[in-house]
Amino acid sequence: QVQLVESGGGLVQPGGSLRLSCAASGSIRGIYAMGWYRQGPGKQRELVARAISGGTTTYADSVKGRFTISRDIAKNTVYLQMNSLKPEDTAVYYCNVDHLHGTSWGQGTQVTVSS
């Protein structure tokens with residue numbers, strides 16, 4: 001069984017920054033991608049950023065230049081540094097890991113950008 005523990009969400013003012021973390025543990029093998037998705041109020045879940053083993057990263061157009069995804073392979077942890085946050089970034093952020101036995105999701109962490 002795979003566990004994903006997310007942390008780092010919260011309330012921040014527009015223009016502020018947050019850093020999300022997601023640590024994977026349990027019977028997890030062969031991780032080939034780790035990423036973040038989000039679901040805003042009344043919206044569908046969407047890809048925010050994804051990091052594939054080998055170094056390739058993908059970002060949603062709406063976050064390019066503001067968000068940075070990184071991985072600590074030894075710790076099976078993925079991070080999302082979010083800068084210049086906007087109210088439209090408000091959402092529940094979900095960690096996602098693709099591994100040998102399938103895909104696992106975290107429970108989500110709320111990010112609220114508001115003055």
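The values are calculated or read from the model by the stated rules, or taken from the named source; none is laboratory data. The model shown is predicted, which means the values in this text are computed figures rather than measured ones. Reconstructed Cβ throughout: ideal geometry from the backbone, glycine too, with neighbour counts over all protein chains shown. Only protein heavy atoms, including side chains, enter the accessible area calculation; ligands, DNA and RNA are left aside. Shrake-Rupley method; radii C 1.70, N 1.55, O 1.52, S 1.80 Å.
What number of residues in segment 87-105 are more than 13 Å from VAL48 (Cβ to Cβ) and not β-branched (Val, Ile, Thr)? It would help to see each step written out before you state the result.
Just the residues of segment 87-105 that are more than 13 Å from VAL48 (Cβ to Cβ), to begin with: 87, 97-105.
Then keep just the ones that are not β-branched (Val, Ile, Thr); that gives 87, 98-102, 104-105.
Adding up the residues that qualify gives 8.
Just wondering, is there one or more residues in segment 31-40 that are under 15 Å from the mean Cα position of the chain (by Cα), farther than 21 Å from GLN3 by Cβ and open to solvent by 80 Å² or more (accessible area, probe 1.4 Å)?
No, there is no match, as no residue in segment 31-40 is under 15 Å from the mean Cα position of the chain (by Cα), farther than 21 Å from GLN3 by Cβ and open to solvent by 80 Å² or more (accessible area, probe 1.4 Å).
Can you tell me which residues in segment 98-111 are within 23 Å of ILE28 (Cβ to Cβ), more than 10 Å from the chain's Cα centre (by Cα) and not in a loop (DSSP other than H, G, I, E, B)? Outline the logic, then answer.
Taking segment 98-111 and keeping what is within 23 Å of ILE28 (Cβ to Cβ), we get 98-109.
Filter again for more than 10 Å from the chain's Cα centre (by Cα), leaving 98-105, 107.
Within segment 98-111, ASP98, HIS99, GLY102, THR103, SER104, TRP105 meet the criteria.
If you take just the strands (runs of 3 or more DSSP E) that sit entirely in segment 1-85, which of them hold at least 1 residues that are on the phi > 0 side of the Ramachandran plot? Step through it out loud before you land on a result.
Values: elements: 2-7, 10-12, 18-26, 33-39, 46-52, 57-59, 67-72, 77-82.
Because the criterion is at least 1 residues that are on the phi > 0 side of the Ramachandran plot, the strands (runs of 3 or more DSSP E) in segment 1-85 that meet it are 10-12, 18-26.
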